[in-house]
Amino acid sequence: ASLTNWAWHLTYYNLQGLVVSPAAMLSCVLLHWGPILDTVRGGMGLPTAITAMDWLRALLLRRGAPVEGKWRAAPAAELTAYALQMLAPKITAGSKVALQDPWDVHYLLLYSNQLLHVLIDEALIACAALSTLDPAGRPAPSPAGED
């Protein structure tokens, strides 16, 4: 139990010092702004990505997230362009922003994890809500067999 406690605290304090990068914000937008399968298969319109980045940055700043200095106030289009450069090995951008290979979704997950410590309440609520659904997205039957 003390090893688990130590590991939890180490992770917690590590995350507290983590600076949120533009790549983390764009990864989060691509993974969570719309249906993930649509984003992975067809991409997200660049104007939608820019709007979502601006909204997410404002939310993160209101929560006191440590956003990299220049990116706290830069225009959303510039913020998004820089994030696209950071993710360039795996992301293509034109009129749409998309993964080059749908199997690279884990790449976005690694970056978006930088936001967990800021958005933990929403993450826990989403996990709890999703746990009530079966794999097809329908409400799961109650354990007691009652609905």
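The values are calculated or read from the model by the stated rules, or taken from the named source; none is laboratory data. Just so you know, these numbers come straight off a predicted model, no measurement behind them. FYI the Cβ positions are ideal-geometry reconstructions off the backbone, even for glycines, and counts take in every protein chain you see. Only protein heavy atoms, including side chains, enter the accessible area calculation; ligands, DNA and RNA are left aside. Shrake-Rupley method; radii C 1.70, N 1.55, O 1.52, S 1.80 Å.
Being open to solvent by 70 Å² or more (accessible area, probe 1.4 Å), in a helix (DSSP H, G or I) and closer than 20 Å to Glu122 by Cβ: is that true of Leu109 here? Please lay out each step first, then the result.
Working: open to solvent by 70 Å² or more (accessible area, probe 1.4 Å): yes; in a helix (DSSP H, G or I): yes; closer than 20 Å to Glu122 by Cβ: yes.
Criteria met by Leu109.
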Of all residues in the range 51-71 being open to solvent by 60 Å² or more (accessible area, probe 1.4 Å) and modelled with pLDDT of 90 or more, which is nearest to Val118 (Cα to Cα)? Arg62
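So which residues in the range 129-140 are aliphatic (A, V, I, L, M) and open to solvent by 60 Å² or more (accessible area, probe 1.4 Å)?
Leu130, Leu133, Ala136, listed by residue number.
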Taking the range 101-131 as the search range and keeping residues that are within 15 Å of the chain's Cα centre (by Cα) and among the polar types (S, T, N, Q), which one is nearest to Arg63 (Cα to Cα)? Gln114
Which pairs do you get when a residue that is in contact (Cβ under 8 Å) with a residue 12 or more places away in the chain and closer than 17 Å to Ala23 by Cβ, found in the range 53-66, comes within reach of a residue that is open to solvent by 40 Å² or more (accessible area, probe 1.4 Å) and outside any loop (DSSP other than H, G, I, E, B), reach meaning Cβ atoms under 7 angstrom, with the pair 6+ apart or on two chains? none
Unmet requirement for Val118, which otherwise passes all of (1) in a loop (DSSP other than H, G, I, E, B); (2) open to solvent by 60 Å² or more (accessible area, probe 1.4 Å): (2)
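Give the number of residues within the range 96-106 that are in a loop (DSSP other than H, G, I, E, B) and touching a strand residue (DSSP E or B) at 6+ places or on another chain (Cβ under 7 Å).
Our first condition is that a residue be in a loop (DSSP other than H, G, I, E, B); within the range 96-106, this holds for 100-101.
Now drop any that are not touching a strand residue (DSSP E or B) at 6+ places or on another chain (Cβ under 7 Å), which leaves 100.
The number of residues fulfilling the criteria is 1.
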Does the range 72-93 hold any residues that are open to solvent by less than 20 Å² (accessible area, probe 1.4 Å), outside any loop (DSSP other than H, G, I, E, B) and either at pLDDT 90 or above or in contact with a Gly (Cβ under 6 Å, 6 or more places away or on another chain) (or both), and which are they? Ala76, Leu79, Thr80, Ala83
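Can you name every one of the helices (runs of 4 or more DSSP H) wholly within the range 21-70 that holds 3 or more residues which are more than 17 Å from Gln85 (Cα to Cα)?
Working: elements: 22-32, 36-42, 46-62.
Helices (runs of 4 or more DSSP H) meeting the threshold: 36-42, 46-62.
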Determine whether the range 95-112 contains at least one residue that is free of Cβ contacts under 8 Å to residues at least 60 places away in the same chain and in contact with a Phe, Trp or Tyr (Cβ under 6 Å, 6 or more places away or on another chain). no
For the range 59-71, check the following and say yes or no: at least one residue is over 18 Å from the mean Cα position of the chain (by Cα) and either of a type in the set (Gly, Ala, Ser) or over 20 Å from Met25 (Cβ atoms) (or both). yes
